[in-house]
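All of the numbers you see were taken from the coordinates with simple rules; none came from a lab. In this text the structure is predicted, and so the values were computed from the model without any measurement. Glycine also receives a Cβ, built like all others from the backbone with ideal geometry; neighbour counts cover every protein chain displayed.
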Amino acid sequence: MSEPALSFEKVSAGYGQADVIREIDLEVHPGEIVTLLGPNGAGKTTTLRVVSGLVTPSRGTVRYKGRDLARLSPTQRARAGIAHVPEGRGVFFGLTVAEHLRLGYRGETIDPTVVYDYFPALRKLRDRPAGLLSGGEQQMLAVARNLARRPGLLLLDELSLGLAPVLVERLLPVVREYSSEHGCGVLLVEQHVPLALEIADRCYVLSTATSSSTSLLRGSGRTASCSLRAISVTLPRRKEGRDRAERRREEQHAEPRHTRHTRQEERVDMLERSSGPVRPLAAAALGLVLGMLGVLAAGAGPAGAALKPVTDYAAYVGGHGKANPKLSPITIGVVNQQPSTNAIAPVWTTGAKVAVSYVNQHAGGIDGHPLEAVYCAIPTTVSSATTCGQEFADNSAISAVVAGAIDIGNTVLESALVPSKKPIFFGVSISTVDEKDPYGFILFDTATQVEAPMASFAKNLHVKSVSLVYPSNIPGNVYQAGVVDDALRYVGIHTIYKVGFTSAATNFSAPFEAAHVGHTTLLISVSSGGPACSDTYLTLKSLGIATKTRVLVNVPCDTPTVAKADGGKLPHDWYYLSANPLPGSPTPAVPAMEKVFSLYGKGPVAFNAWAADAFGQVVTVAKLDTELLRAHKKVTPANVLAKARGFRGPVVQGAPHLACGRFKGTPATCNDLDRFFQNTAPTVMTPLGTWIGPPKGFKPPLS
């Protein structure tokens, strides 16, 4: 076998006096892809940083093509042929794609044709600043720029971080092909285990042992010490891919320039073919790894299947066809704040009605029984909320209540229901009162839990300073801003300018200037509705910093009001926190929902997140009721309550895993996970990676 491109001999390294990795032996050969797997904190990133010279080993030897790297600086290692694509992409937002490809060390020649050969999509983007690229395009640029240097060893750290799995599925095969064609060794750290194993020749698994150290053992699928749960596995590759790579190596020096276009078409075809499900061979290897390392899944993120949204709603409920009108109906109460000009989301009720119709017409009802809804509206008075609560409590046929966007009368509505012990299902909590309802279940979004993931997201963006603005006259928003502030400081972001404004304001120049907007890394706006998003953008534009400011908002800024603001020209560096898919996001959940709503002439309504929430809430209750009947239990408030407390998801339009009743002090909370989206084009919200939770160990204060 040829001399390794990289070899570790008993390497230990860490930070300060503490070793993160200990006594590691590993090898990466030319043309070979080796995947480094393991839970968070096992030392995967540290291992890569040791290779590139960013971390100095405390013991052991690191060699590149037989050369001891101990005396080489990071710059000298890069010149020698070691390329490192760090976590977080490492591109310069102000430079164009073409300018990135001209960056190099003194005397170094970078061939941009290599980039456009392997990533033809970048050719049309060559004059676009990196800050205006989508997350996938930025990652593509980060990899392409390093490939253009024709490295002998490529280090890739979490390519999938912040990206949808489908984008990673198209990126990793290009790495596989480059490695095979050019004899480049690749050491890959990747949280998406199935995709990583799909392209890898071998994998090493790092696992935290009983001490603070981490060990890695070699051995072709065996382990010398099972207690350390550390293995090296050789992964077989398809003969077709191996033969093709050998042919390419033989032809690469003789290939005429005019064949490049054909190669690009061939590569696109390869990407399309490789973006399907994990092939059986890689799946078998994955099973081998996970079977020998029982704890890896927790560190590698949710399994791919868990990331797939629920799109077959009839199967989710558990039936098909029409309900039997001869059977007795199952009744639920449905309440929302409307009709009123101040109502947050009147369209929520439309979503609930579509769900009831769908269950009865397409999902077989509740195990054959028709689903019946009793509707009640809350305009703008507390007394009407009391009326709705009492009506539902007194109606013995109602086994559960589904609630919409209510911010007036929450307390009295829920107080009227409590004596009946009837469960109430919320989609998004408008008030922290909802979170403390002993019989409540908040399936999507809560003020206490889902604001904290903003800090996790900000840390992933490498944010150093934050402008935090919020409506100071709305108690719920004041509390939310406090949670965000606490969570940011918890992750080490201490430069925070927190400034309140009145919700009646339309020009935020004064609070923005007080919060140093434009001089911080990120503006976080804890706003209460779409108009605030429009006003935020227009204020930034008036200050001349609309295209220079990254903005993170905790409400969907996709309303008609926002779309009309300055022609809907929201910049690409706007990010959105949501506990469900945003309208316009390229995910199967959106067209599936639109298809169902179109059955009842409400297609455009499907693009409203509140309507989608309502649909998800109703079909979730229908699912629980169906399961009760099939277990030969009656649909009573007590039985629905018990069933809901054990419900762990997934939920339509929501998180793949729920934790109802597991949050101390807020028993109604079911979720502390969020999705983050980036505005990549008008009305297009691109999801960034998987679900993100609060910083590990962070406990939000209770209001």
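Data for the structure
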| read-out | value |
| --- | --- |
| Stretch gain in nm, segment residue 516-residue 495, where the contour uses 0.36 nm per residue and the Cα spacing is subtracted | 6.5 nm |
| Whole-Å distance, taken between Cα centres, linking segment 324-398 and segment 27-74 | 60 |
| Alpha-carbon gyration tensor eigenvalues x 5, square-rooted, for segment 431-557, Å | 24, 18, 12 |
| In order through segment 360-370: 3J(HN,Hα) via Karplus (6.51 cos²θ - 1.76 cosθ + 1.60), integer Hz, x for Gly, Pro | 6, 9, 10, 10, x, x, 9, 6, x, 6, x |
| FRET E, pair residue 76, residue 664, Förster distance 60 Å, beta-carbon r, rounded to 0.05 | 0.70 |
| Reach of residue 548 by Cα under 17 Å, taken over lysines that are not fewer than 8 positions away in the same chain | 464, 569 |
| ³J(HN,Hα), Karplus 6.51/-1.76/1.60, whole Hz, each residue of segment 590-600, x for Gly, Pro | 6, x, 5, 5, 4, 4, 5, 5, 5, 4, 10 |
| Viscosity 0.890 mPa s, 25 °C: Kirkwood-radius Stokes-Einstein D of segment 1-150 over Cα pairs, µm²/s | 146 |
| For residue 663, net neighbour charge (Lys/Arg +1, Asp/Glu -1) across residues whose Cβ lies under 10 Å away | +1 |
| Radius, Kirkwood style, for segment 316-403 when every pair of distinct Cα atoms is counted (Å) | 13.8 |
| Förster-model FRET efficiency, 30 Å R0, residue 380 and residue 418, C-beta, rounded to 0.05 | 0.80 |
| Mean Cβ count within 10 Å, highest first, over the residues of peptides 62-72, 414-424 | 414-424, 62-72 |
| Pairs of Cα atoms farther than 21 Å apart, segment 1-82, % | 24 |
| For segment 373-379, 3J(HN,Hα) per residue [Karplus equation, 6.51 cos²θ - 1.76 cosθ + 1.60, θ = phi - 60°, Hz, x = Gly/Pro] | 10, 9, 9, 9, 10, 10, x |
| Environment charge of residue 187, counting only residues whose C-beta is closer than 11 Å and scoring Lys/Arg +1, Asp/Glu -1 | -2 |
| For residue 442, residues with placed amide H under 5 Å, excluding near neighbours | 426, 669, 670 |
| Contour minus Cα-Cα distance for residue 645 and residue 473 (0.36 nm per residue) | 58.4 nm |
| Positive minus negative residues near residue 369 (Lys, Arg vs Asp, Glu; Cβ under 15 Å) | +2 |
| By average C-beta atoms within 10 angstrom, highest first, the peptides 381-388, 534-541, 668-675 | 668-675, 534-541, 381-388 |
| Those lysines that a straight Cα-Cα span of less than 20 Å connects to residue 633, excepting residues fewer than 8 apart in one chain | 326, 421, 422, 623, 643 |
| Compactness relative to 2.2 N^0.38 Å, alpha carbon Rg of segment 601-649 | 1.41 |
| Volume per residue that the Cα convex hull of segment 355-510 spans, once the total is divided by residue count, Å³ | 161 |
| Backbone N under 14 Å from the residue 504 label point (7 Å along Cα→Cβ), restricted to segment 370-404 | none |
| Cleavage-rule hits, trypsin sites (Lys or Arg not before Pro), segment 316-371, DSSP coil, Cβ neighbours within 10 Å at most 11 | 326 |
